[in-house]
1. Taking interchain pairs and intrachain pairs at least six residues apart, which have beta carbon atoms under 6 angstrom, with the first residue in segment 136-159 and open to solvent by 70 Å² or more (accessible area, probe 1.4 Å) and the second modelled with pLDDT under 90?
2. Looking for something loosely packed, with under 12 Cβ neighbours inside 10 Å, at pLDDT 80 or above, among the small types (Gly, Ala, Ser) and touching an Asp or Glu at 6+ places or on another chain (Cβ under 7 Å) - is there at least one such residue anywhere in segment 182-193?
3. Any residue that is among the acidic types (Asp, Glu) and modelled with pLDDT of 90 or more - is there at least one of those in segment 162-179?
4. Out of (1) of a type outside the set (Val, Ile, Thr); (2) open to solvent by 20 Å² or more (accessible area, probe 1.4 Å); (3) without any contact (Cβ under 8 Å) to a residue 40 or more places away in the chain, what's the single condition that is false for Gln339?
5. Determine which member of the set Leu107, Leu77, Leu100 is closer than 16 Å to Glu17 by Cα, open to solvent by less than 20 Å² (accessible area, probe 1.4 Å) and out of contact with any helix residue (DSSP H, G or I) (no Cβ under 9 Å at 6 or more places or on another chain).
6. Does at least one position in segment 111-130 carry a residue that is in contact with a Cys (Cβ under 7 Å, 6 or more places away or on another chain) and either among the hydroxyl-bearing types (Ser, Thr, Tyr) or open to solvent by 20 Å² or more (accessible area, probe 1.4 Å) (or both)?
7. With respect to Ser62, determine if the residue is of a type in the set (Gly, Ala, Ser) and open to solvent by 20 Å² or more (accessible area, probe 1.4 Å).
8. Checking Gln40 against (1) in a loop (DSSP other than H, G, I, E, B); (2) more than 27 Å from the chain's Cα centre (by Cα); (3) surrounded by 13 or more Cβ atoms within 10 Å (Cβ to Cβ), which single condition isn't satisfied?
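The values are calculated or read from the model by the stated rules, or taken from the named source; none is laboratory data. From a predicted model like this one, the values you see are computed outputs, not experimental measurements. Because the Cβ atoms are built from the backbone with ideal geometry, glycine has one as well, and the counts that use them run over all protein chains shown. Surface areas here come from the heavy atoms of the whole protein model, side chains and all, with no ligands, DNA or RNA. Shrake-Rupley method; radii C 1.70, N 1.55, O 1.52, S 1.80 Å.
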Amino acid sequence: MELIAGGNLTLNHADLELTIQAQIPTGIEFDCTAYLLDEQTQKVRGDHDMVFYGQPQTPNGSVILKSNNQFKINTQLIDPNIKKIVICTTLNEPHTFNVLPAFKLQLHSQNQLIAQAMVQTQSRSEKALILAEVYRHNGIWKFRFIDQGFNGGLQPLAEHFGVEIDSKPKPPPLNLSKINLSKTNSKINLSKKGQSFGKIAVNLNWNKGASKQKTFFQKLTRSDSIDLDLGAMIEFQDGGIDLVQALGKSFGHLNSKPYILLDQDDRTGSSLNGENLQINGDHWDKIKRVLIYTYIYEGVAKWTETDAKVTIRLPQQPEIEVALTDGNHLTCCGIVQLQNINGEIQATREVHYFKDQEQLDKFYQFGFRWRKGTKD
């Protein structure tokens with residue numbers, strides 16, 4: 001049976017399998033979620049009434065997410081207080097569904113295809129879709145194709161169905177001596193306070209990993225430990241170039257070229273101090289530009305989960321902070337560029353994402369020769 005939006009059918013068997021068949025472009029996260037709604041409130045009763053990638057089944061196995069796009073539902077196991085199971089899908093920021101080709105829902109029972117429906121995406125401007133529902137009407141379980149857009153991503157959608165998310169990150173205290181480089185305030189020039197800039201400290205810090213007892217919000221954001229590394233690409237006034245990063249054990253030197261030193265490789269984020277670069281500001285006149293970047297050596301490539309930020313500290317200067325507020329599947333990020341402009345330091349927020357350091361290098365035109373390497 002081919003269903004259009006609003007179309008429904010009676011379910012004659014308890015065992016169901018709903019498959020969402022979609023072609024997902026690179027860099028897009030396509031997450032499917034099921035919400036079990038209480039008959040009286042039409043909301044979930046708690047976290048256990050939500051099935052998604054971080055919690056792939058209900059406690060009694062009535063709804064199981066077999067993969068990221070396939071649900072198994074057994075209506076005989078559904079709690080009597082539950083009247084409806086709503087199936088939804090969301091995309092990661094900032095994508096909306098018009099970036100996807102049209103996709104198909106298929107409903108099987110007893111190994112037989114009993115219904116299918118097409119989801120058109122060309123004119124979609126939403127980040128979430130309510131696809132379908134399995135619901136009980138007059139004691140009989142039925143299936144309905146919904147195909148309804150929802151503005152907002154996974155978190156607003158979960159809150160719409162009654163999920164309480166009480167672990168939202170709190171904003172840091174205001175620091176009047178700190179300059180936050182953002183998309184709208186992306187550049188600052190710093191002048192020498194004496195004969196030189198002195199030691200320039202660049203710190204990378206990020207999420208230290210989730211606890212074993214995750215809150216719902218931690219499950220929702222997939223907050224897991226990752227290995228995030230700090231690096232720098234350097235171009236000198238004489239045209240030479242150099243690279244500082246843990247990969248390849250290129251830790252640099254402070255008092256000779258490249259005048260930049262990486263002090264450690266924090267594999268898990270367990271170090272309270274994160275990873276640090278030191279730039280010898282006494283030799284700033286020899287440097288044309290420095291690109292500060294980071295890359296994910298191991299772990300999930302979703303930057304919004306890292307809470308990563310780079311802080312740059314100079315003597316007698318305000319701190320400069322750049323946060324990695326965007327996120328996608330690309331594993332390398334050019335964060336901030338320091339340029340020598342008439343002897344001053346011009347710091348520019350970049351926050352551009354790339355497949356790897358080689359693609360980063362090509363974009364910023366340093367001209368390194370690359371080969372595969374490891375840190376061991």
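1. Asn151/Glu126
2. Within segment 182-193, one or more residues are loosely packed, with under 12 Cβ neighbours inside 10 Å, at pLDDT 80 or above, among the small types (Gly, Ala, Ser) and touching an Asp or Glu at 6+ places or on another chain (Cβ under 7 Å).
3. The initial filter retains those residues of segment 162-179 that are among the acidic types (Asp, Glu), namely 164, 166.
Then keep just the ones that are modelled with pLDDT of 90 or more; that gives none.
Checking segment 162-179: not a single residue is among the acidic types (Asp, Glu) and modelled with pLDDT of 90 or more.
4. For Gln339, the failing item is (3).
5. Working: Leu77 fails: open to solvent by less than 20 Å² (accessible area, probe 1.4 Å); Leu100 fails: closer than 16 Å to Glu17 by Cα.
Just a single option satisfies the conditions, and that option is Leu107.
6. Applying the first criterion (in contact with a Cys (Cβ under 7 Å, 6 or more places away or on another chain)) to segment 111-130 yields 128-130.
Then keep just the ones that are either among the hydroxyl-bearing types (Ser, Thr, Tyr) or open to solvent by 20 Å² or more (accessible area, probe 1.4 Å) (or both); that gives none.
No, segment 111-130 has no match at all.
7. So Ser62 does not fit the description; no.
8. Here Gln40 clears every test but (3).
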